[in-house]
Amino acid sequence: MPSRGRSISAVRLLSSGGAVSKIEKLRPTKEGAWRLSLSRMEEISGTVILGPDIYLINPLGNGLHAIVKTNPSVYPAEHPPGVAPKANDAPEVPPQREGLLQGQTVPVIRALVLYTPAVRKALQQFGSDPDALATMAIESTNLASKNSNVRMSVNLVKSEEMAYVEKDFPSDLAALQASAWVKSERETAKAHVVFLLTTVSDYCGLSDVILADKGSAFAVINYICAVGNFSLAHEFGHLLGLRHERAADKDDKPFRNGHGYVYKNEWRTIMATRKGCASCPRIPFWSNPSIKYNGVPAGTKDYEDEADVINDTAPIIAGFH
């Protein structure tokens, strides 16, 4: 991985056994690349965030792994055209303590991640599995929150296959919300939010509401986009009340400061789309003017302060059960 002049900001590796692998060495070589040494030979999946670049690690079998740099221009558009999610009203007084259990310092949101048989088959071709993908998608969401000083933690309570034949994003989202089986699994797991990973590749994801209630806290995500494009985090952001960058979405409901942020032609935060900058990498940050990325504030107080919004709405989501 090329790295001259840049530092590793995050490493997430998942072993074939489901545990995070111990890293023995992560250091620059004379050639200006990072060398990663593991404590034992095994199949791993993971992500490495190096400056503005994101690398995906996937097993190829026989002890070999592919390290692939993601390219923002190869991901499909964020959402199906003409599908405008409704926006619920902002609460008059954000209930900062709602949903908090005794002893918790931040609200913990319990996520149920489902996947179709098509996703399982697609990942098995590369020696990977959907449970590892679900774990990395949730971990990438938590990484963004940590980077952005957000008071929220997402806990993957269960990842499970859903016996469902994919159609298209609107149909799949409707089926997810209407399924009696999903409702039962959600109640059993006491999950606050439900995500479905599919192989439908026209777009990256869909949720039909901005600021969800219990009955609308669902989203469908293209599995290809879930980690490398932070699309699971992006769709979750909509459920938390967040919107795209103002260049693409000037609607300020439910929160005026709940927009993604694009900095020139250099980078964009999780809720910002390629409409604002087609070649910009999406960084694992929620917009926050109090946080700097490469020396630049990652938002503005008036319109791009998603961290402030999440700190108000995460307790609402955590209070669904």
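The values are calculated or read from the model by the stated rules, or taken from the named source; none is laboratory data. These figures come from a predicted structure and were not determined experimentally. We place every Cβ from the backbone using ideal geometry, glycine too, and count neighbours over all the protein chains shown. Side chains included, ligands, DNA and RNA excluded: accessible areas come from the protein's heavy atoms. Shrake-Rupley method; radii C 1.70, N 1.55, O 1.52, S 1.80 Å.
Here are a few things to note about the model shown:
- For the range 169-186, the criterion of being touching a strand residue (DSSP E or B) at 6+ places or on another chain (Cβ under 8 Å), open to solvent by 10 Å² or more (accessible area, probe 1.4 Å) and over 14 Å from Leu112 (Cβ atoms) is met by at least one residue.
- Residue list for the range 212-228, restricted to those being of a type outside the set (Val, Ile, Thr), in contact with a Gly (Cβ under 9 Å, 6 or more places away or on another chain) and over 24 Å from Asn311 (Cβ atoms): Asn222, Cys225, Ala226
- A count restricted to the range 127-165 and to residues that are of a type outside the set (A, V, I, L, M), open to solvent by 10 Å² or more (accessible area, probe 1.4 Å), in a loop (DSSP other than H, G, I, E, B) and farther than 24 Å from Thr188 by Cβ stands at 4.
- Residue list for the range 201-220, restricted to those being surrounded by fewer than 24 Cβ atoms within 10 Å (Cβ to Cβ) and of a type in the set (Val, Ile, Thr): Val209
- The set of residues from the range 211-224 being farther than 12 Å from Phe195 by Cβ and in contact with an Asp or Glu (Cβ under 9 Å, 6 or more places away or on another chain) comprises Leu211, Ser216.
- Pairing each residue of the range 236-248 that is farther than 20 Å from Ile138 by Cα with any residue that is among the hydrophobic types (A, V, I, L, M, F, W, C) and assigned to a strand (DSSP E or B), provided the two are 6+ apart or on different chains, yields C-beta distances under 6 Å for Glu245/Val262.
- Only one entry in Phe195, Phe230 is under 27 Å from Gln124 (Cβ atoms), crowded, with 20+ Cβ neighbours inside 10 Å and in contact with a Lys or Arg (Cβ under 8 Å, 6 or more places away or on another chain), namely Phe230.
- The set of residues in the range 285-314 being farther than 26 Å from Asn88 by Cβ, of a type outside the set (S, T, N, Q) and outside any strand (DSSP E or B) consists of Gly295 alone.
- Any hit, the range 253-266, residues being in a loop (DSSP other than H, G, I, E, B), open to solvent by less than 10 Å² (accessible area, probe 1.4 Å) and touching a Lys or Arg at 6+ places or on another chain (Cβ under 9 Å): yes
- The one condition from (1) over 30 Å from Glu185 (Cβ atoms); (2) open to solvent by 10 Å² or more (accessible area, probe 1.4 Å); (3) in contact with a Lys or Arg (Cβ under 9 Å, 6 or more places away or on another chain) that Ile291 does not meet is (3).
- Condition met for Ala272 (farther than 12 Å from Phe195 by Cα and either under 14 Å from the mean Cα position of the chain (by Cα) or buried (at least 24 other Cβ atoms within 10 Å of the Cβ) (or both)): yes
- Scanning the range 295-311 for residues that are in contact (Cβ under 8 Å) with a residue 60 or more places away in the chain and either of a type in the set (Val, Ile, Thr) or surrounded by fewer than 16 Cβ atoms within 10 Å (Cβ to Cβ) (or both) yields Val309, Ile310.
- The residues of the range 213-223 that are under 16 Å from Glu139 (Cα atoms) and either touching a Lys or Arg at 6+ places or on another chain (Cβ under 9 Å) or hydrophobic (A, V, I, L, M, F, W, C) (or both) amount to a single one, Ile221.
- Members of the range 130-152 that are polar (S, T, N, Q), closer than 19 Å to Ile57 by Cβ and touching a helix residue (DSSP H, G or I) at 6+ places or on another chain (Cβ under 8 Å): Ser140, Thr141
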